[in-house]
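Heads up: the structure comes next, in structure tokens.
The values are calculated or read from the model by the stated rules, or taken from the named source; none is laboratory data. Small disclaimer: the values here were computed from a predicted structure and weren't measured. Note that each Cβ is placed from the backbone with ideal geometry, even for glycine, and that neighbours are counted across all protein chains shown. Areas reflect the complete protein model, heavy atoms only, side chains present, ligands, DNA and RNA absent. Shrake-Rupley method; radii C 1.70, N 1.55, O 1.52, S 1.80 Å.
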Amino acid sequence: MATRTPQWTLALLTAATLMLTSAGCKVQAEPGGSATVNPHVTATGNTKTAAQQLDKLVVGKPASMKGYSREKFPHWRSTGKNCDVRDSVLKRDGTKVKLSGCNVVAGTWKSAYDDKTLSSPTQVDIDHVVPLANAWRSGAASWTTDKREDFANDLDDPQLVAVSAGSNRSKGDQDPSTWKPPSTGNWCHYAESWIAVKTHWKLTVTTAEKSALADMLEKC
């Protein structure tokens with residue numbers, strides 16, 4: 001049986017890369033010439049999919065904030081001895097991350113909202129892309145505390161992201177109709193992430209919010 005030559009291997013890798021690129025995935029080269037998909041580049045990997053999801057989101061008026069408190073969204077959930085979901089996001093989103101046990105003690109992070117480089121975990125805020133208060137106004141008020149805890153610690157959807165403290169506090173609980181990332185180059189990813197989270201958790205959007213998201217997808 002013939003053995004595949006390096007040219008065959010190269011051809012297969014090239015074909016796989018082209019397939020991933022055509023699907024909307026960005027590829028990062030690693031030492032040794034292999035390639036992997038970066039799962040944190042986009043929420044859906046496809047702007048058309050995000051637009052279709054946006055079209056299906058239910059439009060509604062924001063509910064009352066009566067009864068709301070952050071304590072009704074318990075976070076951060078433990079992920080090990082003295083470690084929690086915040087450590088998990090810091091490890092996932094950072095480069096040259098150093099650990100003490102499972103605690104993140106050093107590394108570098110690029111803020112997903114304003115592109116600032118953060119050189120210490122103490123400079124990093126972990127933002128809920130869809131803020132807890134916004135979730136409350138758009139459906140979470142009727143959830144159980146357990147479900148709200150799952151939402152507040154959601155590592156499976158693009159809901160938690162490392163950002164600069166300044167951008168996180170500027171955002172507060174605003175939706176995209178009143179706040180957008182300072183760096184317009186991040187609008188596409190932000191809109192896709194917001195749409196993906198609201199789709200998964202079946203949360204509503206306002207008319208202004210939906211319009212703003214559609215405009216942001218134009219940046220993709």
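Reported count of residues in segment 100-113, each being among the polar types (S, T, N, Q), open to solvent by 30 Å² or more (accessible area, probe 1.4 Å) and either part of a helix (DSSP H, G or I) or modelled with pLDDT of 95 or more (or both), is 1. If you take the residues of segment 157-172 that are crowded, with 18+ Cβ neighbours inside 10 Å and not small (Gly, Ala, Ser), which of them is nearest to GLY107 (Cα to Cα)? Per the stated criteria, the residue is VAL163. Candidates LYS147, LYS116: the one that is crowded, with 16+ Cβ neighbours inside 10 Å and of a type in the set (Lys, Arg) is LYS116.
Being within 19 Å of GLN123 (Cβ to Cβ) and either among the hydroxyl-bearing types (Ser, Thr, Tyr) or at pLDDT 95 or above (or both) holds for only one residue in LYS56, LYS91, and it is LYS91.
Any residue at all in segment 52-62 that's open to solvent by 80 Å² or more (accessible area, probe 1.4 Å) and assigned to a strand (DSSP E or B)? Within segment 52-62 (the criterion being open to solvent by 80 Å² or more (accessible area, probe 1.4 Å) and assigned to a strand (DSSP E or B)), the answer is no, since none of the residues qualifies.
Restricting to segment 140-198, name every residue that is of a type in the set (A, V, I, L, M, F, W, C) and assigned to a helix (DSSP H, G or I). ALA140, ALA141, PHE151, ALA152, ALA165, TRP187, CYS188, ALA191, TRP194, ILE195, ALA196, VAL197, listed by residue number. Only one of the numbered conditions (1) out of contact with any helix residue (DSSP H, G or I) (no Cβ under 8 Å at 6 or more places or on another chain); (2) in a helix (DSSP H, G or I) is not met by ALA135, and that is (1). Would you please name the residue that is surrounded by the fewest Cβ atoms within 10 Å (Cβ to Cβ), looking only at residues in segment 74-99 that are farther than 17 Å from ARG148 by Cα and among the β-branched types (Val, Ile, Thr)? Once the filter is applied, the top-ranked residue is THR95.
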